[in-house]
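Here is the structure we will look at, set down as structure tokens.
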Amino acid sequence: MRRPAGWLGALPLLVFYAFVFGIPLAALLAGAFTSRGEPTLANLRQSLEGGNLTAMIGSVQVSAVVALSGAVLGTFLAYAVVTSRSAALRGAVLTASGVLANFGGVPLAFFWVATLGNSGVVSGLLGLPSGSLYSFWGLVFVYLYFSVPLMVLVMAPALDGLRPQWREAAANSGATAWHYWRHVGLPVLTPALLGGVVLLFGAAFAAYATAAAMGAGTVVPLVTLKIANALTSDVLVGQENVALALSLDMIVIAGLVMAVYLPLQRRSTRWLR
Amino acid sequence: MAAVTGLERPLSPGPARPGRSRAWRAVVFALAGLYFLVPLGASLWYTIHTPTTGVSFAPYAELLTAEGFISSLALSLALALATIALVLLLTLPAMLAVRLFAPGLRPLMEVLCTLPLVVPPITFVAGLSTSLRVGADVLAPTPFWATLIAIQDPGFPVVLVLAYVVLVLPFVYRSLDAGLRTMDVRTLVEAGRNLGASWPQVLLRVVVPNLRSALASASFLTLALVFGEYTVSRLLGYQPFAVWIVTVSGSRGQLSVAVSILSLLLVWLLLLAVSTAFGREKK
């Protein structure tokens with residue numbers, strides 16, 4: 001098609017992107033490396049010491065625990081669904097996963113506050129000590145509510161891709177179930193598994209609304225809560241640039257984790273056709 | 001904001017396995033059911049039962065009269081509709097142009113549209129609020145200053161629409177990309193052009209009807225994401241729906257849980273709508 005100026009159709013999006021995404025990122029970078037107009041590394045240094053470092057480590061720990069446990073639980077659930085003979089059950093679990101994986105944020109926090117919070121319905125029945133929900137493991141427990149369904153959505157197609165013939169071929173060659181999983185099943189699933197772990201880590205790492213609505217920040221230090229505090233607080237004057245440095249740290253961590261994910265995604269789609 | 005619906009996939013029954021593993025499967029389903037259903041039931045009970053007054057549906061009736069409920073709901077809806085319109089207006093022509101005229105730009109588009117996934121929303125809003133503050137200082141002597149103030153009008157914060165477009169870009173891109181894969185865009189457009197259709201006609205009467213389900217799913221995902229969005233609006237100081245829920249939770253716990261239940265229902269309905277949109281396409 002001869003229409004040399006046709007690519008101009010992409011121009012509005014590119015201009016919009018440069019303004020609305022590019023400028024804030026540039027402002028973030030510039031702010032992270034300056035203090036009162038002078039270029040400096042002090043913000044970055046401050047973002048990696050004391051309470052800020054604790055918050056960063058707390059965020060990474062929560063996200064890592066959520067990602068690993070969510071991946072294991074989600075894979076088991078996905079396997080149970082995929083091997084189940086009931087199409088209705090399969091449909092119900094996958095639909096519910098689609099809803100719950102998208103159901104983070106504020107409402108999720110209030111569901112768990114109503115259930116296991118200090119005046120929650122179930123915590124009263126179980127006699128849980130006050131504050132159980134507002135702890136490291138409480139937060140992990142809450143985050144799993146959207147992480148496990150997300151893992152089910154990642155793993156169900158991958159598990160579907162395991163052809164029964166592979167298992168039969170393995171069995172005919174004298175392989176036990178252990179051999180099959182060790183040498184066929186897991187290697188084929190590895191990219192999807194790792195991709196799922198990365199996705200779960202990223203989602204938990206970036207999560208702010210749930211923790212903020214629960215008021216978990218007083219007990220579990222999280223970097224997202226630190227950034228929000230520094231941005232909104234009137235008391236901590238001059239903390240904005242430290243918040244920007246913290247943001248930069250977050251982007252670097254999320255970027256490193258994502259950099260693992262993208263090539264893996266390509267590899268896993270090759271086998272699962 | 002993770003938006004994988006999982007509803008796009010055909011529901012084929014899985015490979016049949018011997019029944020010996022039925023026991024562990026029952027255990028897995030029982031535990032999952034317990035974990036996922038108990039909070040729903042408990043939240044419902046929490047909203048309708050108080051030790052002093054017993055069972056009453058008062059929190060749900062109170063909703064309509066609660067201060068700020070209607071206005072925050074209306075603000076969220078308006079923001080969602082504006083976001084849908086803007087994101088589709090920007091991405092659809094761009095994706096078509098790249099497909100038809102500049103295939104070399106495709107990797108760039110893909111990277112640009114995936115990047116907002118890597119940048120956590122809170123860091124984006126940190127950069128955004130900084131650039132708004134700095135921008136107000138820099139632009140103060142110029143006419144652009146008025147624009148910058150206008151987009152931050154609390155009545156209808158355009159700046160939130162702009163931010164939301166960035167946040168939903170990856171999901172809209174993936175959805176439209178999947179839709180465009182199912183059709184031969186080049187042939188359709190050429191046929192339309194050869195028959196004398198103008199570019200707007202080709203876009204509106206050939207491409208859009210073929211993309212109906214992809215557009216619908218992109219719109220519904222955007223609606224769901226904007227509706228639940230808290231981080232950006234809270235930090236920029238506006239009060240759409242999700243922020244209102246948190247504000248009201250301080251004084252009226254039951255009310256906020258009741259609204260949470262309603263918003264779960266809403267997400268459920270929206271995703272059902274997405275899945276029916278996809279289901280229609282397969283016929």
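Which ones in region B:53-77 are more than 12 Å from B:GLN254 (Cβ to Cβ) and assigned to a loop (DSSP other than H, G, I, E, B)? Those that are more than 12 Å from B:GLN254 (Cβ to Cβ) and assigned to a loop (DSSP other than H, G, I, E, B): B:GLU67, B:GLY68.
Condition (residue is crowded, with 18+ Cβ neighbours inside 10 Å, of a type outside the set (A, V, I, L, M, F, W, C) and under 26 Å from B:LEU64 (Cα atoms)) applied to region B:197-217: is it met by at least one residue? So far as region B:197-217 goes, no, none of its residues is crowded, with 18+ Cβ neighbours inside 10 Å, of a type outside the set (A, V, I, L, M, F, W, C) and under 26 Å from B:LEU64 (Cα atoms).
The listed residues are A:ALA80, A:ALA64, and the only one of them that is within 30 Å of B:CYS113 (Cα to Cα), in the same structural domain as A:LEU246 (by TED's automatic domain parsing) and modelled with pLDDT of 85 or more turns out to be A:ALA64. Going through (1) within 8 Å of chain A (Cβ to nearest Cβ); (2) hydrophobic (A, V, I, L, M, F, W, C); (3) crowded, with 18+ Cβ neighbours inside 10 Å one by one, B:LEU100 falls short only on (3). The set of residues from region B:208-225 being assigned to a helix (DSSP H, G or I) and closer than 16 Å to B:ALA94 by Cβ comprises B:VAL208, B:ALA214, B:LEU215, B:ALA218. Each residue in region A:53-82 was checked for being of a type in the set (Val, Ile, Thr) and crowded, with 19+ Cβ neighbours inside 10 Å, and 5 pass.
Of the residues A:LEU73, A:LEU89, only one is within 24 Å of A:PRO149 (Cβ to Cβ), part of a helix (DSSP H, G or I), within 12 Å of chain B (Cβ to nearest Cβ) and more than 24 Å from the chain's Cα centre (by Cα); which?
Working: A:LEU73 fails: more than 24 Å from the chain's Cα centre (by Cα).
Going through A:LEU73, A:LEU89 in turn, just one is within 24 Å of A:PRO149 (Cβ to Cβ), part of a helix (DSSP H, G or I), within 12 Å of chain B (Cβ to nearest Cβ) and more than 24 Å from the chain's Cα centre (by Cα): A:LEU89.
Report yes if A:PRO164 is surrounded by fewer than 22 Cβ atoms within 10 Å (Cβ to Cβ) and without any contact (Cβ under 8 Å) to a residue 24 or more places away in the chain, otherwise no. Yes: the conditions hold for A:PRO164.
Sort through B:LEU169, B:LEU139 and tell me the only one that's aliphatic (A, V, I, L, M) and under 30 Å from the mean Cα position of the chain (by Cα). Steps first, please.
On the way: B:LEU139 fails: under 30 Å from the mean Cα position of the chain (by Cα).
Matching residue, one of B:LEU169, B:LEU139: B:LEU169.
Does at least one position in region A:178-185 carry a residue that is surrounded by 15 or more Cβ atoms within 10 Å (Cβ to Cβ) and among the basic types (Lys, Arg)? No, that holds for no residue.
Of the residues making up region B:188-207, those that are under 29 Å from the mean Cα position of the chain (by Cα) and either without any contact (Cβ under 8 Å) to a residue 24 or more places away in the chain or over 23 Å from B:LEU90 (Cβ atoms) (or both) number 6. Only one entry of A:LEU193, A:LEU159 meets the criterion of being buried (at least 19 other Cβ atoms within 10 Å of the Cβ), facing chain B (nearest Cβ under 10 Å), farther than 30 Å from B:SER43 by Cβ and in contact (Cβ under 8 Å) with a residue 60 or more places away in the chain, and that entry is A:LEU159.
For region A:1-55, residues that are part of a loop (DSSP other than H, G, I, E, B) and more than 14 Å from chain B (Cβ to nearest Cβ) total 4.
Within region B:208-241, being free of Cβ contacts under 8 Å to residues at least 24 places away in the same chain and within 13 Å of B:TYR164 (Cβ to Cβ) holds for one residue alone: B:TYR230. Is it the case that region B:47-61 has a residue that's modelled with pLDDT of 75 or more, surrounded by 13 or more Cβ atoms within 10 Å (Cβ to Cβ) and under 26 Å from the mean Cα position of the chain (by Cα)? Among the residues of region B:47-61, at least one is modelled with pLDDT of 75 or more, surrounded by 13 or more Cβ atoms within 10 Å (Cβ to Cβ) and under 26 Å from the mean Cα position of the chain (by Cα), which makes the answer yes.
Of the residues that sit in region B:103-117 and are farther than 10 Å from B:PRO170 by Cα and touching a helix residue (DSSP H, G or I) at 6+ places or on another chain (Cβ under 7 Å), which one is surrounded by the fewest Cβ atoms within 10 Å (Cβ to Cβ)? Result: B:ARG106.
The values are calculated or read from the model by the stated rules, or taken from the named source; none is laboratory data. Bear in mind that the values here come from a model prediction, so they are computed numbers and not experimental data. Every residue, glycine as well, gets a Cβ built from its backbone with ideal geometry; the counts of neighbours run over all protein chains shown.
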